[in-house]
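The values are calculated or read from the model by the stated rules, or taken from the named source; none is laboratory data. Quantities reported herein were computed from a predicted structural model and do not represent experimental measurements. Positions of Cβ are generated from backbone atoms using ideal geometry, with glycine treated the same way; all protein chains shown enter the neighbour counts.
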Amino acid sequence: MARYMARAENLARILDINETFTRNSRGESDWLPILKLHCDEDRYFERYRNVESGSVVRFYVLDESNSNSIRASVRAARENARSIRHLISLETWTQLNVFYNWLQSLNSRSLRLAELSRMCVEIKERCQLHFGISNSTLYRDQVWWFYRLGALIELADQTTRIVDIKYHSLLPTVDSVGTPIDVAQWNALLRYVAAYHGYRRVYPCKMTPTTVAGFILFDPSFPRSVRHCVSRLAVTLERLLAEKELTSVEIPAAALEELDALVSAQPEDVIASGLHEYLDDVQRKLGELASAIADTFFMARYKSV
């Protein structure tokens, strides 16, 4: 449930970023990088002929045949919530149900580019409300710890994708690393990941690609940074495995250790060697950790039958 909600919020951020300041050489919004970032090219071209703003926005907001769309993600979160209504608070269920019904009311007119930013803000705020309600009402037992694991894994993954959508067009190859980058766009990127004020507390005057990317990815005090999420993942797993029913359970150490090594890198080294390639590595390792958690806690009983 938490992963689906975090995915919906961050996809709304990516769509908003793309329309606002990701432009090609002709000054037009380029929507193909979004498809590539989510590995959705094949699925998209099964339904749409051309990569156009209206089609891509529909594909990622309302198209329920796309399992990555916002509507499909919130529907999946709602179905997960329905199956565990006896374990979650009434407030959590009610807000999620209202959010789902609002998404169902959206239509083609809601997807006009002139309305896109406002719609994305609405989606982000409704997702944030969900997390706020869940944080303040869910009982702190195994339900909560698994909820936190899902939210942290998805948040770390989506943070890498938001940063990558900046580099995907501007720095597509390692050879391009180090070329001049528009500071105004990095400023906008900070605002879209809710990092601007935190960044300015650390760097009151400085604004470079290395400091911006370094803050978003590696600052341990920024709650959306990959380093912060991975460190909290380790703490959450440790707390979960302290439950008396789970003291004999072991998570494969390699998955978390490799992630920890990646997020311990220095921003300057990552930028020099290729940020896009680094973010791909982080995404793969997050996927491996998620698979290890699923295999350990949810698939073991089937394997033993």
| query | Any residue at all in segment 256-266 that is in contact (Cβ under 8 Å) with a residue 60 or more places away in the chain, surrounded by 15 or more Cβ atoms within 10 Å (Cβ to Cβ) and not hydroxyl-bearing (Ser, Thr, Tyr)? | reply | no
| note | Scanning segment 85-130 for residues that are acidic (Asp, Glu) and under 24 Å from Arg58 (Cβ atoms), the one surrounded by the most Cβ atoms within 10 Å (Cβ to Cβ) turns out to be Glu122
| request: Would you be able to say whether some residue in segment 140-149 is in a helix (DSSP H, G or I), of a type in the set (D, E, K, R) and in contact with an Asp or Glu (Cβ under 8 Å, 6 or more places away or on another chain)? | output: no
| Tally, over segment 77-88, of residues that are in contact (Cβ under 8 Å) with a residue 40 or more places away in the chain and either in contact with an Asp or Glu (Cβ under 7 Å, 6 or more places away or on another chain) or not in a loop (DSSP other than H, G, I, E, B) (or both) | 3
| Answer residue from segment 167-206, given it is at pLDDT below 50 and among the hydroxyl-bearing types (Ser, Thr, Tyr) and is nearest to the chain's Cα centre (by Cα) among those | Thr173
| Is it true that Ser225 is within 22 Å of Tyr196 (Cα to Cα), of a type in the set (Ser, Thr, Tyr) and touching a residue at least 60 places away in the same chain (Cβ under 8 Å)? | yes
| request: Considering every residue within segment 288-304, establish whether at least one is crowded, with 17+ Cβ neighbours inside 10 Å, part of a loop (DSSP other than H, G, I, E, B) and not β-branched (Val, Ile, Thr). | output: no
| Can you name the residue in segment 207-231 that is closer than 22 Å to Gln283 by Cα and of a type in the set (S, T, N, Q) and, of all such residues, is nearest to the chain's Cα centre (by Cα)? | Ser225
| request: Working only within segment 131-142, note down all residues that are surrounded by fewer than 14 Cβ atoms within 10 Å (Cβ to Cβ) and either more than 19 Å from the chain's Cα centre (by Cα) or of a type in the set (Ser, Thr, Tyr) (or both). | output: Ser136, Thr137, Tyr139, Arg140, Asp141
| message | Cβ-Cβ under 7 Å, sequence separation 6+ or interchain: first residue in segment 53-76 and in contact (Cβ under 8 Å) with a residue 60 or more places away in the chain and on the phi < 0 side of the Ramachandran plot, partner crowded, with 22+ Cβ neighbours inside 10 Å and among the charged types (D, E, K, R). Which pairs? | response | Ser73/Arg7
| What is the one condition in (1) closer than 22 Å to Ile216 by Cα; (2) surrounded by 14 or more Cβ atoms within 10 Å (Cβ to Cβ) that Ala272 does not satisfy? | (2)
| note | Quick count over segment 214-251, residues being among the small types (Gly, Ala, Ser) and in contact with a Pro (Cβ under 6 Å, 6 or more places away or on another chain), is 1
| task | Hey, can you tell me all the residues within segment 236-245 that are surrounded by 13 or more Cβ atoms within 10 Å (Cβ to Cβ) and either closer than 30 Å to Gln266 by Cβ or free of Cβ contacts under 8 Å to residues at least 60 places away in the same chain (or both)? | result | Thr236, Leu237, Arg239, Leu241
